[in-house]
Every structure is written in C-alpha cells, then in structure tokens.
1. In the range 12-34, which residue that is over 13 Å from Q48 (Cα atoms) and in a helix (DSSP H, G or I) is modelled with the lowest pLDDT?
2. If S25 satisfies every condition in (1) without any contact (Cβ under 8 Å) to a residue 24 or more places away in the chain; (2) out of contact with any helix residue (DSSP H, G or I) (no Cβ under 6 Å at 6 or more places or on another chain) but one, which is the exception?
3. What number of residues in the range 11-54 are in contact with a Lys or Arg (Cβ under 7 Å, 6 or more places away or on another chain) and open to solvent by less than 80 Å² (accessible area, probe 1.4 Å)?
4. Search the range 36-62 for residues being of a type outside the set (S, T, N, Q) and at pLDDT below 95, and hand back the single one that is nearest to F13 (Cα to Cα).
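The values are calculated or read from the model by the stated rules, or taken from the named source; none is laboratory data. Only a predicted model underlies this, so the values are computations on that prediction, with no experimental measurement involved. FYI the Cβ positions are ideal-geometry reconstructions off the backbone, even for glycines, and counts take in every protein chain you see. What goes into the accessible areas is simple: the full protein's heavy atoms, side chains included, and nothing from ligands, DNA or RNA. Shrake-Rupley method; radii C 1.70, N 1.55, O 1.52, S 1.80 Å.
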Amino acid sequence: MNGPLPQASDALFEQLDKNGDSALSQNEIKKGLAAVKEATGLVQSAKQIFRGADADGDRSVDAVEFYAYMAENMEATTETEEVQPEQKASQSL
C-alpha cells in the first residue's frame, strides 16, 4: 500500500497487534485505543472500532479490514473538520 494513510495504518496495526498473529482482537484495540486516537483523531470506543472494522464477522480484524476502516473513517473525520470552519463562518454572518 502506498501513501501516508496506509503507512500510518500499517504502523498502527503493527503497534496494536501485540501477539503478532496479524489480526486484532477487541482487547488489543482497547489496549491501544489511546494510540488509535492520537494517530487518527477518531473518538470512537474500542467496541465501535472493532465492530465497524470486522467486516467479515470473524471476531478479529485483519490488516485489510483495518486499513479499509481507517480510510473510511479518517476520510469522514477530515470531511467533518473541513465543514466546521465553513459552518462557523456562516454562523458569524
């Protein structure tokens, strides 16, 4: 994967995958939640992240699922941040 998001997601995934099984458990996400919030700006609970990322429902989050979830939610976070300054400007008029 290329670009800053995949590289950041790859590093974050490796940091969270404490047992090295190439899959994240809800507990691993919970233990690394501060790192997730710092790296991504997401303000979701570990349970929300886990449920959202576990696309195939196998009770673990592999790298592909993690990258897809991060890309989707980072994009949503960025869009929200971009809209807020415009909303503030229009509210002050």
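1. Restricting attention to the range 12-34, the residues satisfying the condition of being over 13 Å from Q48 (Cα atoms) are 12-24, 28, 31-32, 34.
Those left that are additionally in a helix (DSSP H, G or I): 12-16, 28, 31, 34.
Values: L12: 92, F13: 95, E14: 95, Q15: 95, L16: 97, E28: 98, K31: 96, A34: 95.
The residue in question is L12.
2. Of everything listed in (1) without any contact (Cβ under 8 Å) to a residue 24 or more places away in the chain; (2) out of contact with any helix residue (DSSP H, G or I) (no Cβ under 6 Å at 6 or more places or on another chain), S25 misses just condition (1).
3. 3
4. Step by step, filter the range 36-62, then rank; the result is V36.
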